Amino acid sequence: MRTTDYLLATQKESPAEAEVISHKLMLRAGLVRKLASGLYTWLPTGLRVLNKVAAIVRDEMNKAGAIEISMPVVQPADLWQESKRWEAYGPELLRIKDRHERDFVLGPTHEEVVTALVKNEVSSYKQLPLNLYQIQTKFRDEVRPRFGIMRSREFIMKDAYSFHLGEESLEQTYQRMHQAYCNIFERIGLEFRPVIADSGSIGGAVSHEFHVLADSGEDDIAFSDTSDYAANIELAEAVCLDTRASASADISKVATPEASSISDVAAMLSVAATQCIKTLIVDADESCDHPFVAIVLRGDHQLNEIKAEKHPLVASPLTFADEAKVSAHLSCKFGSIGPVALPLPVLVDRSAAACSDFVCGANEDGFHYIGVNWERDVADFEIVDARNVVAGDASPDGKGTLQIRKGIEVGHIFQLGDKYSKAMNCGVLTESGKHEVLKMGCYGIGVTRIVAAAIEQNHDQHGIKWPPAIAPFQVAIIPMNMHKSHRIMETALKLYADFLAENVEVLFDDRKERPGVMFNDMELIGIPHSIVIGERNLDNQQVEYKNRLTGEKTLINIDEVIAFVTNQ
RNA sequence: CGGUGAGUGGCGCAGCUUGGUAGCGCACUUGGUUUGGGUCCAAGGGGUCGUAGGUUCGAAUCCUAUCUCACCGACCA
């Protein structure tokens, strides 16, 4: 490709709207342009990258035995009513009407459509297992699109759905997809981690997320420093190896006026936050005899809402209780609540349960207890896992300690079980002639998000440093002052033709620009290899090779250029 | 949805307080100049100042309404 025949669209300044580095660079390098909030046009350079990512995903899916199909973006509402997600999905599901006033949705995902398809097309156990996938546009009406294409409303997703008779077959395909995902991210060249995850609203039991590690990531992931244990912090089990010391102090009430937060109380009483416990009040599940439930954590720990709301006594979704209502019920404010003689169900985190002689609220404004001990002073409580793990915690698999890093979620795989197949009665006849509902798995990859994540992980002050597997071009030819020198033009044209003949993706910068402009643009776009042609080196029949990733520069003979670059 | 801020040529911004013929940098066009890291000089093209209404002799500027966008939060692939 010649730059004069191309839409380069690079910019010196990034638009004010861009906050994260990948968003800025995608705009500056001319990869995308915003049309409206969360909606982007892909320019030629961006589309080249996107297509490369999609090609790798497609290839690995095919190798893993999945079969490509293409389903409509616009889907009839009755399918969604059948699966109950017409109500459950909420405002993120964009609903539209056609000219006959019939309801439709723009598909945010395709479980309904694919299940309806399989229900109609597959009727025998002999056709199973079956794994269908597509690479296609999704629409989710996000509350707040942000970070450019990282969280856009319209995006491209690879979504696969597998169908099975029995858990064992599902487990096999799930493992095969897990491996395929690892292959995909390795081939693209990203530093990633598969982590145990919460299955959220999609449903099902077993689930893994694939995260690209980057400081700008929105998720915290915890992983062991010695084993391969890794989990989203939402799900990482907090183990407590400490055993509770026996009580050595008597309980007594002390005045703590104006002190309500843990840091206030700890400072006033000159104790460590780890010696204090905090009591959070959340709404109780309807089945509970009490209006609220108390969750007790050690002073330095944070509540994990995902874990807490799974407890049968806790309302789902987890809701912090209204302070006025709690005050009316307990006759004290949030900052003074404690588990001693508390007329509510008490759930105690494992680490808080290992405390002895601790400090807690006295259920009376302006007072705390000190020297409190479980069992002796608080008779009725249940020990649960309810906090976020922190760096340094023991790994749940018993090997090593946990570290925490930020990740960008680029893939998510689920064992769905029969959630959708049961609701839509999708089954086959078994060998014995009985109708049996199928088990399902689903496997998603955010193809557009991978592009942004790759930039987050691979850039410097000059611009993008594409992993070669997804670079828009492999080689840039930068001739200096070509319009003034016949031999430079001849050399450039020859190299360009030679690269094309070798099927190397080459961008020939034939603009009448100063060298600095060309260098800056090619580095901004992040082309891995550059060939710089100048008068100086041409005297020795040489050109300069530059590597974008390593910064390496070497002189090479003109007749060795093609071989040298194709070797890289 | 709550909070904060912003809408002025393609991009980045000034002008608004104190109303008086719309400006700067980048980009673009033409000519010259320069040529191994975003040259320099000159001339030029391009803007209903988000939209609607109001006040006024006169509104980018003041008032009202409304739309859009971004960031933080809540929410969520």
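The values are calculated or read from the model by the stated rules, or taken from the named source; none is laboratory data. Just so it is clear, the structure is predicted and the values come from calculations on it, not from any experiment. Every residue, glycine as well, gets a Cβ built from its backbone with ideal geometry; the counts of neighbours run over all protein chains shown.
Structure notes:
- Conditions (1) within 16 Å of RNA strand B (Cβ to nearest atom); (2) more than 19 Å from A:Gln136 (Cβ to Cβ); number of the one not met by A:Glu92: (2)
- Residue, farthest from RNA strand B (Cβ to nearest atom), within the stretch A:261-283, restricted to residues that are in a helix (DSSP H, G or I) and among the small types (Gly, Ala, Ser): A:Ala267
- Residue match in the stretch A:425-436 (condition: within 15 Å of RNA strand B (Cβ to nearest atom) and crowded, with 20+ Cβ neighbours inside 10 Å): no
- Qualifying residue in the stretch A:478-497 (condition: small (Gly, Ala, Ser), closer than 30 Å to A:Glu191 by Cβ and in contact (Cβ under 8 Å) with a residue 24 or more places away in the chain): no
- Tally of residues being within 16 Å of RNA strand B (Cβ to nearest atom), assigned to a strand (DSSP E or B) and either in contact with a helix residue (DSSP H, G or I) (Cβ under 7 Å, 6 or more places away or on another chain) or among the acidic types (Asp, Glu) (or both) across the stretch A:123-177: 10
- Selection within the stretch A:512-536 - in contact with a helix residue (DSSP H, G or I) (Cβ under 9 Å, 6 or more places away or on another chain) and either at pLDDT 95 or above or among the small types (Gly, Ala, Ser) (or both): A:Met518, A:Asp521, A:Leu524, A:Ile525, A:Gly526, A:Pro528, A:His529, A:Ser530, A:Ile531, A:Val532, A:Ile533, A:Gly534
- When we screen A:Leu8, A:Leu79 for residues that are closer than 18 Å to A:His110 by Cα, over 25 Å from the mean Cα position of the chain (by Cα) and surrounded by 17 or more Cβ atoms within 10 Å (Cβ to Cβ), the only hit is A:Leu79.
- Residue pairs meeting the criteria (Cβ under 6 Å; at least 6 apart or on separate chains; first part of a loop (DSSP other than H, G, I, E, B), in the stretch A:58-70; second surrounded by 14 or more Cβ atoms within 10 Å (Cβ to Cβ) and among the hydroxyl-bearing types (Ser, Thr, Tyr)): A:Ala66/A:Tyr133
- Yes/no for A:Ile478 being within 13 Å of RNA strand B (Cβ to nearest atom) and among the β-branched types (Val, Ile, Thr): yes
- Extreme residue, nearest to A:Asn520 (Cα to Cα), among residues of the stretch A:481-492 that are part of a helix (DSSP H, G or I) and within 10 Å of RNA strand B (Cβ to nearest atom): A:Met482
- Residues of the stretch A:348-368 that are farther than 15 Å from A:Thr243 by Cα and crowded, with 21+ Cβ neighbours inside 10 Å: A:Val359, A:Cys360, A:Gly361, A:Ala362, A:His368.
- Any hit, the stretch A:63-83, residues being within 15 Å of RNA strand B (Cβ to nearest atom), of a type in the set (Gly, Ala, Ser) and more than 20 Å from A:Gly148 (Cα to Cα): yes
- Criterion violated by A:Ala386 - all others in (1) within 16 Å of RNA strand B (Cβ to nearest atom); (2) under 22 Å from the mean Cα position of the chain (by Cα); (3) surrounded by 21 or more Cβ atoms within 10 Å (Cβ to Cβ) satisfied: (2)
- With respect to the conditions (1) within 12 Å of RNA strand B (Cβ to nearest atom); (2) among the aliphatic types (A, V, I, L, M); (3) touching a residue at least 60 places away in the same chain (Cβ under 8 Å); (4) in contact with a Ser or Thr (Cβ under 6 Å, 6 or more places away or on another chain), A:Leu35 falls short on a single one, namely (3).
- Whichever residue in the stretch A:299-328 is more than 13 Å from RNA strand B (Cβ to nearest atom) and under 19 Å from A:Asp380 (Cα atoms) and, among such residues, is surrounded by the most Cβ atoms within 10 Å (Cβ to Cβ): A:Val314
- Among the residues of the stretch A:284-298, not a single one is in a loop (DSSP other than H, G, I, E, B) and buried (at least 18 other Cβ atoms within 10 Å of the Cβ).
- Any hit, the stretch A:19-26, residues being out of contact with any helix residue (DSSP H, G or I) (no Cβ under 8 Å at 6 or more places or on another chain), within 12 Å of RNA strand B (Cβ to nearest atom), farther than 30 Å from A:Gln175 by Cα and in a helix (DSSP H, G or I): yes
- Sole residue being out of contact with any Asp or Glu (no Cβ under 6 Å at 6 or more places or on another chain), at pLDDT below 95, buried (at least 19 other Cβ atoms within 10 Å of the Cβ) and not acidic (Asp, Glu), chosen from A:Ser162, A:Ser207: A:Ser207
- Filter pass, A:Leu507 being among the aliphatic types (A, V, I, L, M), in contact with a strand residue (DSSP E or B) (Cβ under 8 Å, 6 or more places away or on another chain), within 21 Å of A:Pro467 (Cα to Cα) and assigned to a strand (DSSP E or B): yes
- Number of residues in the stretch A:457-475 that are in a loop (DSSP other than H, G, I, E, B) and away from RNA strand B (no atom under 12 Å from the Cβ): the value is 8.
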